[in-house]
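Data first, discussion second: the structure below is written as structure tokens.
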Amino acid sequence: MSMELLLQAAVSGFLMGGIYALIALALALVFGVMGVLNFAHGDLLMVGMYGVVLICAATNLSPFIAGLLIVPAMVLIGWVVFILLIRPIVGSAPLVQAQLTIGMSFVIQSAALLWFGADLFNVRSELGSSSIRLGDIVISAPLLIGCLVALLASGLLAWFLSATIWGYRIRATAEDPVMAQLCGVPVQRVQRWVFAGATGSLAIAAGCLMAFYHVTPVVGLQFSVLSLLIVVLGGLGDLRGAMVAALVLGVAEAMTSAIFNSASAPAALYILFGAALLLRPHGLLGRGATV
Amino acid sequence: MNKFQWAAAGLAFAMTPLTLSPAQAQEEIVIPSIAAMSGSVAVTGQDAQKGVEIALEHINADGGIDGRPLKVQLYDTQGNPGVVRQVMERLTRLEKAPVILGCEISAGTSAAAQFAEQARVPYLNSSAVSAELLERGYKYYFSDQITADTEAATVVEFVENLMTQGDVVPALLYEDSPRGAGTIERVEALLEERGVEIVASAPYTRSDRNLLPPVKRVQTSGANVVIWAGYTEDVVAGLQAMQQLDFTPYIVGIGGGPGDVRIPQLVDQDFLEAVNLSTVDYFNPDMERAQRFVKSYEEKHGIVPSSYASMCYRGVYTLKAALQTALEAGEALTAETLHAALLEIDIPGEDLISPFERIKFDENGRNVGSQNLIAQWKDGATKKVTVWPPEVAVQDPNPLK
């Protein structure tokens, strides 16, 4: 195994991890604010990915722009899903939440299968096949831009949470909803907006992914599993921990594929996950809730 | 109405079963079929369903089977062996199906074949290429499909032909499911037998989001011919990675991915031609004998049929031959009579849409007449042309650069 191949894998993994971070942050935020682990998270992302495909097919726009354009639609979807399905289970037992969100995942998958069929869709653009060379290392241009956009969106989210009045309200709700309510924070409204906003942020992640990836009705499952892994590894409810965990997982996944083979990557991820849970039960940064 | 008219009407009503008796010959023959129409391999089952529908339209337009219309009832298995077992239990034990048509992937077919054997109901596989299933000694498993062994042999013959044109440095790239890894293992063995050194072997998982690392591993090995087994999604991701790496080997593909008719819609067409994307297959739309199917399919779906669509079109015709044989012998359609009929049929190649010499089953249920072809994207990847073997080739394969 040459150093060049290892470096290549590390760079690709890091860039991929940046996109994972944006996807997982939305899930971490929802869990932090309302205590719901949404197993249909990846399926909502899949809805966004189909949205990007439709916009790109109709307008020839870049998937990144298309992702931005569908943010309002995704916010609306998030709003409706929250009102109809999530709000009734906030505060319920974890098994009830899991059953409902897994059921929602199946419904979204079946609807996508009926609507779009089982065919694979992607967005073809000049960008999709372009790359940047740093010596022997090849950096995929769509992956690089996707990672930068995802990191920028994550940075904006961090700024929003730490420097705006709504950010304070969200953090207060995450910290202690009862106390936040007593202090005049409209907790239910905050929860509603957080779920809608988190779903909206998946539109940007969908745009980043569709620059180099494809969508099928079952693609959401892998992102749901990955996001859950990242959120738990980062520490339940800890956004910075989720960010670090996403980058660590991205690099670990790519390095394992390069050193051994891709088939061993999932096993390596779960070994890493198990070890982290044993050694850092409150997440990588030690600031999350106990698993 | 007077008494006489009432009596006449009553008599006519009483005689209805008798007067309808010739129409019993018009009674529909319903045969169940299993396919993955949802789940991660739904594209195979959905295409198979389209192929089955066209086959039924053609058969019934041509007079059905002995004057009786044929209907194939599809059951969704999600490509999940657990669901396959449940469906097979229902079909064999509750519904007493006399024969089952399989448009199922290899993992599901393995479960279905085992169940059919226990239930002593013939299972006609038209989809899975697993060679191992034919080595189990099953009496009720029939496969009119090619096998991984014949696929591997065709790939190696094609590579040997390339070797006559210059130095071939082969590498293997494959998704690691039994489908991809199984065929590649056979290719590897055949190349080793011939003393051909393989410079790299790069497996990956089908759901990999980034194929730059494995593709780069193949590129740095110095390979100029890549033997690649994959599904559509990973082949698309891999071709994009090759394009980013400026890596243009001669690609000899295996499986539904490299041969997917939708590939030119998903990947830069010039690049497809630059890598001479070729694929070992059991169907290609340019074959003369397949034109009726291709035209009907294009009219109905606006695209040429995929190999997945062709396999169960062929399967329905194999089934038709067995049903016809049993009916012509004056036998009822039972598991035993259809088992005997399947062993008896011998369909000549010119009646098939596949490049097969014929469909004739040996005692292990293997189709002794199965044969592959190799198709290659040409003319700016606007059409997939049959280039191998020479006896069915429409054009010559692109030369090795």
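When the range B:258-274 is filtered for residues that are without any contact (Cβ under 8 Å) to a residue 60 or more places away in the chain, under 23 Å from B:Val169 (Cα atoms) and either of a type in the set (Val, Ile, Thr) or within 12 Å of another protein chain (Cβ to nearest Cβ) (or both), the ones remaining, listed by number, are B:Phe271, B:Ala274. When the range B:220-234 is filtered for residues that are crowded, with 22+ Cβ neighbours inside 10 Å and not hydrophobic (A, V, I, L, M, F, W, C), the ones remaining, listed by number, are B:Gly230, B:Tyr231, B:Thr232, B:Glu233, B:Asp234. Selection of first residues in the range B:190-213 that are facing chain A (nearest Cβ under 9 Å) and of second residues that are outside any loop (DSSP other than H, G, I, E, B) and β-branched (Val, Ile, Thr), restricted to Cβ pairs under 6 Å at least 6 apart or on distinct chains, gives the following pairs, ordered by first then second residue: B:Ala202/B:Val218. For the range B:84-111, which residues satisfy the criterion of being touching a strand residue (DSSP E or B) at 6+ places or on another chain (Cβ under 8 Å) and among the hydrophobic types (A, V, I, L, M, F, W, C)? Result: B:Val84, B:Val87, B:Met88, B:Leu91, B:Ala97, B:Val99, B:Ile100, B:Leu101, B:Cys103. Does A:Val225 fit the bill of being within 14 Å of chain B (Cβ to nearest Cβ), under 12 Å from the mean Cα position of the chain (by Cα), over 24 Å from A:Leu7 (Cα atoms) and touching a residue at least 24 places away in the same chain (Cβ under 8 Å)? In short, yes.
Just one of the numbered conditions (1) among the polar types (S, T, N, Q); (2) within 14 Å of chain B (Cβ to nearest Cβ); (3) more than 19 Å from A:Leu226 (Cβ to Cβ) is not true of A:Ser12: (3).
Filter the range A:112-138 for residues that are assigned to a helix (DSSP H, G or I) and modelled with pLDDT of 90 or more and give the result.
Selection gives A:Ala112, A:Leu113, A:Leu114, A:Trp115, A:Phe116.
Scanning the range B:254-271 for residues that are surrounded by 22 or more Cβ atoms within 10 Å (Cβ to Cβ) and within 9 Å of B:Ala381 (Cβ to Cβ) yields B:Ile263, B:Val267.
Residue pairs whose Cβ atoms lie under 8 Å apart, separated by 6 or more positions or on different chains, with the first residue in the range A:104-118 and away from chain B (no Cβ under 12 Å) and among the β-branched types (Val, Ile, Thr) and the second part of a loop (DSSP other than H, G, I, E, B) and crowded, with 19+ Cβ neighbours inside 10 Å, are A:Ile108/A:Ala40. Candidates are the residues of the range B:264-323 that are in a helix (DSSP H, G or I) and of a type in the set (Val, Ile, Thr); the one that is nearest to A:Ser129 (Cα to Cα) is B:Val294.
Which members of the range B:219-255 meet the condition of being touching a residue at least 40 places away in the same chain (Cβ under 8 Å) and within 11 Å of another protein chain (Cβ to nearest Cβ)? The answer is B:Ser221, B:Tyr231, B:Thr232, B:Asp234. Report yes if A:Val30 is assigned to a helix (DSSP H, G or I), closer than 26 Å to A:Leu233 by Cβ, under 21 Å from the mean Cα position of the chain (by Cα) and not hydroxyl-bearing (Ser, Thr, Tyr), otherwise no. So A:Val30 passes the test.
Yes/no per residue for (1) on the phi > 0 side of the Ramachandran plot; (2) of a type in the set (D, E, K, R):
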| position | (1), (2) |
| --- | --- |
| B:Leu343 | no, no |
| B:Gly365 | yes, no |
| B:Lys384 | no, yes |
| B:Pro389 | no, no |
| B:Leu400 | no, no |
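Of the listed requirements (1) away from every other protein chain (no Cβ under 14 Å); (2) surrounded by fewer than 19 Cβ atoms within 10 Å (Cβ to Cβ), A:Leu25 misses just one: (2). Considering only residues in the range B:338-355 that are touching a residue at least 60 places away in the same chain (Cβ under 8 Å) and either small (Gly, Ala, Ser) or part of a loop (DSSP other than H, G, I, E, B) (or both), the one that is farthest from B:Pro98 (Cα to Cα) turns out to be B:Pro355.
The values are calculated or read from the model by the stated rules, or taken from the named source; none is laboratory data. Keep in mind that this is a model prediction, so the values were computed, not measured. Virtual Cβ from ideal backbone geometry, glycine too; neighbours counted across all protein chains shown.
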